[in-house]
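This structure is in structure tokens; I'll ask about it shortly.
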């Protein structure tokens, strides 16, 4: 994945004012990139399309099986919702998972196939985020699915980024999930009429990159 | 749209002269006012404004003399405080986020910074250039963490650039306070712990009530307080490029570190 990032990197100067036409073009190219990287659905969304859920954040905070800096997203001094709403547009995407996949929440992902599907969401989120950044959208942030510690660092004794002075061991992959930030991917997918998993409790593998 | 065009016009006027343009415009306005009004109070106010502009220009020149490659005097209405900036410190997580009292989730929140900036009218904004081979060094992050100050001297140069910017902030603040503008507030770049407490196990401010080990040296960075230094740089006409962990030296002409001092 790192190779994918490096190959496509063209660093643009940060503009004083953004050209709306160029922004629209960039967002479309990022949407297509999400599909090319394995997303089954991808859409350009505006910040008003982002749905927040306090219940979801509470559920994440209560799930203490594998605590990490991204599960839940610790942002105590600022208003996370206001920060996300300060963006104008982003890319919301979905990856198709196995039909029988359970909702792992913040816990270990035992099935390697399920882990691989979830990793795909992280890969798309990080590639889109990185490409947006080098396109001159220097505040782009990506959100994936589940708990990154459960997916990339389940064998580690702790989340190293949570240890003072230590850094994340997967900085090019680890991201907070949409649910850890209190964003409801199911409500957003429903609004896009993407067709939700029919089985009760089945997870929706979705990611979000706020670009501009 | 109209507002942004006005803002662009004003910054273009200033940047063409590296900051002096604004002062000239202000002084011209003041001169016009003096000519039109014979009222004593207006005259006194104009003289006082002209004095302020001269002192701000002195601070701008001081920043340049101390090693900044660009410096401008800006009204604080052009200081951009954005709630997304502190979020970006955490996604993807900067290795120093959470490890230093100035860095998110600690430090000044978006609202606190906005409130602080609103109490000032003028600021000095400056830039220190860093060679792209130094700042877009793929090994930089791992070398910083390992504490090996070598790599052909590149890391020392990078650290020196951050140190230079931090020192300019303090020198400009000190001079401004000698001029009678107190309190001033300064913002540097990066995290101060790497610069001043690299070999300390923790940031003392976070761990004890004794506070910072180096209060006379350290400043929060612009980004850690939610100031969008990159867009501010672009709006005053400086070229700024996003440089991340996978950026290569040949991808950018140079890197830039920005500092800001709120003066009055």
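The values are calculated or read from the model by the stated rules, or taken from the named source; none is laboratory data. Keep in mind that this is a model prediction, so the values were computed, not measured. All Cβ positions, even for glycine, are placed from backbone atoms using ideal geometry, and neighbour counts span all protein chains on display.
For residue B:252, indicate whether it is more than 21 Å from residue B:71 (Cα to Cα), at the interface with chain A (Cβ under 9 Å from one of its Cβ atoms), at pLDDT 90 or above and in contact with a helix residue (DSSP H, G or I) (Cβ under 6 Å, 6 or more places away or on another chain).
yes
If I filter the range A:41-60 down to residues being closer than 25 Å to residue A:105 by Cβ and loosely packed, with under 15 Cβ neighbours inside 10 Å, which single residue comes out as farthest from the other protein chains (Cβ to nearest Cβ)?
Among those residues, the one meeting the criterion is A:55.
In this structure, does residue A:30 turn out to be closer than 20 Å to residue A:206 by Cβ, buried (at least 21 other Cβ atoms within 10 Å of the Cβ), more than 15 Å from the chain's Cα centre (by Cα) and away from every other protein chain (no Cβ under 14 Å)?
Considered against the rule, which asks whether it is closer than 20 Å to residue A:206 by Cβ, buried (at least 21 other Cβ atoms within 10 Å of the Cβ), more than 15 Å from the chain's Cα centre (by Cα) and away from every other protein chain (no Cβ under 14 Å), residue A:30 comes out as no.
Now, a different point. Would you pick out the residues in the range A:158-184 that are in contact with a strand residue (DSSP E or B) (Cβ under 9 Å, 6 or more places away or on another chain) and free of Cβ contacts under 8 Å to residues at least 60 places away in the same chain?
A:158, A:167, A:171, A:178
Within the range B:58-77, identify whether any single residue is touching a helix residue (DSSP H, G or I) at 6+ places or on another chain (Cβ under 9 Å), in the same structural domain as residue B:179 (by TED's automatic domain parsing), modelled with pLDDT of 95 or more and under 26 Å from residue A:81 (Cβ atoms), and answer yes or no.
Scanning the range B:58-77 turns up no residue that is touching a helix residue (DSSP H, G or I) at 6+ places or on another chain (Cβ under 9 Å), in the same structural domain as residue B:179 (by TED's automatic domain parsing), modelled with pLDDT of 95 or more and under 26 Å from residue A:81 (Cβ atoms).
Hey, another quick one. List every residue pair whose Cβ atoms sit under 7 Å apart, with the two residues 6 or more apart in sequence or on different chains, where the first one lies in the range B:53-75 and is closer than 10 Å to residue B:123 by Cα and the second, anywhere, is modelled with pLDDT of 95 or more and assigned to a helix (DSSP H, G or I).
Close Cβ pairs (under 7 Å, with a partner that is modelled with pLDDT of 95 or more and assigned to a helix (DSSP H, G or I)) amount to B:59/B:172; B:59/B:175; B:59/B:176; B:72/B:60; B:73/B:56; B:73/B:57; B:73/B:60.
Assigned to a helix (DSSP H, G or I) and either under 15 Å from the mean Cα position of the chain (by Cα) or closer than 30 Å to residue B:249 by Cα (or both): does that describe residue A:21?
Judged against the criteria, residue A:21 is a match.
For the range A:136-151, enumerate the residues that are assigned to a loop (DSSP other than H, G, I, E, B) and more than 11 Å from chain B (Cβ to nearest Cβ).
A:145, A:146, A:147
Right, another one. Could you list, in sequence order, all residues of the range B:105-138 that are within 14 Å of chain A (Cβ to nearest Cβ), under 30 Å from residue B:157 (Cα atoms) and either modelled with pLDDT under 95 or surrounded by fewer than 20 Cβ atoms within 10 Å (Cβ to Cβ) (or both)?
Answer for the range B:105-138, where residues must be within 14 Å of chain A (Cβ to nearest Cβ), under 30 Å from residue B:157 (Cα atoms) and either modelled with pLDDT under 95 or surrounded by fewer than 20 Cβ atoms within 10 Å (Cβ to Cβ) (or both): B:105, B:106, B:107, B:132, B:135, B:136, B:138.
Could we say that residue B:259 is assigned to a strand (DSSP E or B) and over 12 Å from the mean Cα position of the chain (by Cα) here?
no
Spot the failing condition for residue B:172; the list is (1) under 25 Å from residue B:137 (Cα atoms); (2) touching a strand residue (DSSP E or B) at 6+ places or on another chain (Cβ under 7 Å), and only one is missed.
(1) is the only condition that residue B:172 fails.
Can you pull out the residues in the range B:172-187 that are part of a helix (DSSP H, G or I) and surrounded by fewer than 21 Cβ atoms within 10 Å (Cβ to Cβ)?
B:174, B:175, B:177, B:178, listed by residue number.
Being under 15 Å from residue B:102 (Cβ atoms) and at the interface with another protein chain (Cβ under 8 Å from one of its Cβ atoms) narrows it down to one of B:246, B:202, so name that one.
B:202
Among the numbered criteria (1) surrounded by 18 or more Cβ atoms within 10 Å (Cβ to Cβ); (2) more than 10 Å from chain A (Cβ to nearest Cβ); (3) under 26 Å from residue B:61 (Cβ atoms), which single criterion is violated by residue B:232?
Answer for residue B:232: the failing condition is (2).
Which one of these does residue B:224 not meet: (1) within 14 Å of chain A (Cβ to nearest Cβ); (2) at pLDDT below 90?
Residue B:224 satisfies every listed condition except (2).
Considering B:211, B:244, B:190, B:237, which residue is surrounded by fewer than 20 Cβ atoms within 10 Å (Cβ to Cβ), in a loop (DSSP other than H, G, I, E, B) and in contact with a strand residue (DSSP E or B) (Cβ under 9 Å, 6 or more places away or on another chain)?
Going through B:211, B:244, B:190, B:237 in turn, just one is surrounded by fewer than 20 Cβ atoms within 10 Å (Cβ to Cβ), in a loop (DSSP other than H, G, I, E, B) and in contact with a strand residue (DSSP E or B) (Cβ under 9 Å, 6 or more places away or on another chain): B:237.
Related question: Give the residues of the range B:77-97 that are closer than 18 Å to residue A:148 by Cα and within 9 Å of chain A (Cβ to nearest Cβ), sorted by residue number.
B:87, B:88, B:90, B:91, B:92, B:93, B:94, B:95, B:97, listed by residue number.
Collect the residues in the range A:32-62 that are in contact (Cβ under 8 Å) with a residue 60 or more places away in the chain and under 30 Å from residue A:155 (Cβ atoms), keeping them in residue-number order.
Passing the criteria: A:34, A:37, A:38, A:39, A:56, A:57, A:59, A:60.
Same structure, new question: Restricting to the range A:118-135, give me the number of residues that are touching a residue at least 60 places away in the same chain (Cβ under 8 Å), buried (at least 23 other Cβ atoms within 10 Å of the Cβ) and either facing chain B (nearest Cβ under 8 Å) or under 11 Å from the mean Cα position of the chain (by Cα) (or both).
11
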